[in-house]
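Taking it in order: structure first as structure tokens, then the write-up.
The values are calculated or read from the model by the stated rules, or taken from the named source; none is laboratory data. Remember, predicted model here, so these are calculated numbers, not experimental data. Glycine gets a Cβ as well: all are built from the backbone with ideal geometry, and neighbour counts include every protein chain shown.
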């Protein structure tokens with residue numbers, strides 16, 4: 001049985017494990033229980049009513065959170081000469097081609113987001129075993145394969161709070177929506193933006209409950225169960 005610290009057990013006492021909270025109450029509790037010595041990340045965890053073994057039940061997409069994620073994002077861009085200057089001017093941290101691919105194959109992974117122009121996929125395609133498991137492989141579905149002229153826009157979005165959501169093998173989705181230091185309203189608006197994007201990505205063939213369970217938690221805090229109808233009913237305009 002897992003042993004938790006006194007700090008964790010003290011915060012756990014504030015949460016009724018049998019109760020489902022409204023999104024507003026859940027965010028309030030998460031902020032109250034995020035008392036680690038660093039600014040904890042607030043995450044939304046969803047149990048989905050899909051079977052990820054089937055291609056037509058995949059749930060995947062990207063969304064730009066209006067209030068950002070509060071984290072530093074290191075952006076790597078694979079592009080040729082036409083896009084290099086644009087990417088550098090837009091603030092990409094690493095820009096290149098075969099040189100970057102060589103560094104990655106040797107074990108270098110000090111980046112958080114990978115973008116690529118279509119002409120560079122011949123290079124990026126060889127890095128699937130490294131980038132794939134980390135969820136960093138550029139893909140049209142996540143808007144990370146873009147024409148050179150679109151690089152400045154996508155880089156700006158990544159800086160502002162562009163996050164990817166993707167159902168995993170256990171039918172769950174885990175997405176950060178900000179930091180515990182964020183104002184409650186900012187976290188709620190980010191959460192509403194995420195929920196709208198996930199609902200808009202519902203596969204056409206899904207019957208029954210699409211989102212089965214919603215939990216909100218901070219990095220070191222307990223999970224707070226959230227009312228599923230209230231969470232799926234969140235709208236950005238309400239915050």
Residue pairs within 6 Å by beta carbon, gap of at least six or interchain, first lying in segment 152-168 and closer than 23 Å to residue 45 by Cα, second part of a helix (DSSP H, G or I) and at pLDDT below 95, listed first then second, are 164/142
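Yes or no, residue by residue, for (1) at pLDDT below 95; (2) surrounded by fewer than 19 Cβ atoms within 10 Å (Cβ to Cβ); (3) part of a loop (DSSP other than H, G, I, E, B):
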| position | (1), (2), (3) |
| --- | --- |
| 149 | no, yes, no |
| 158 | yes, no, no |
| 189 | no, no, no |
| 197 | no, yes, no |
| 204 | yes, yes, yes |
| 207 | yes, yes, yes |
Qualifying helices (runs of 4 or more DSSP H) (wholly inside segment 5-114; at least 2 residues being touching a helix residue (DSSP H, G or I) at 6+ places or on another chain (Cβ under 7 Å), in contact (Cβ under 8 Å) with a residue 40 or more places away in the chain and more than 23 Å from residue 190 (Cα to Cα))
81-89
Filter result for residue 16 (more than 22 Å from residue 166 (Cβ to Cβ), surrounded by fewer than 16 Cβ atoms within 10 Å (Cβ to Cβ) and modelled with pLDDT of 95 or more):
no
Which residues, counting only those in segment 164-186, are farther than 13 Å from residue 39 by Cβ and not in a loop (DSSP other than H, G, I, E, B)?
164, 165, 166, 172, 173, 174, 175, 177, 184, 185, 186
Taking the options 93, 82, 112, name whichever one is more than 30 Å from residue 204 (Cβ to Cβ), at pLDDT below 95, in contact with a strand residue (DSSP E or B) (Cβ under 8 Å, 6 or more places away or on another chain) and not assigned by TED's automatic domain parsing to the domain that holds residue 216.
112
With respect to residue 100, is the statement that it is within 26 Å of residue 203 (Cα to Cα), at pLDDT 95 or above and outside the structural domain of residue 60 (by TED's automatic domain parsing) true?
no
In segment 116-134, residues that are in contact with a helix residue (DSSP H, G or I) (Cβ under 9 Å, 6 or more places away or on another chain) and either not assigned by TED's automatic domain parsing to the domain that holds residue 98 or not in a helix (DSSP H, G or I) (or both) total 2
Could you identify the single residue in 68, 97, 91 that is surrounded by 15 or more Cβ atoms within 10 Å (Cβ to Cβ) and under 30 Å from residue 195 (Cβ atoms)?
68
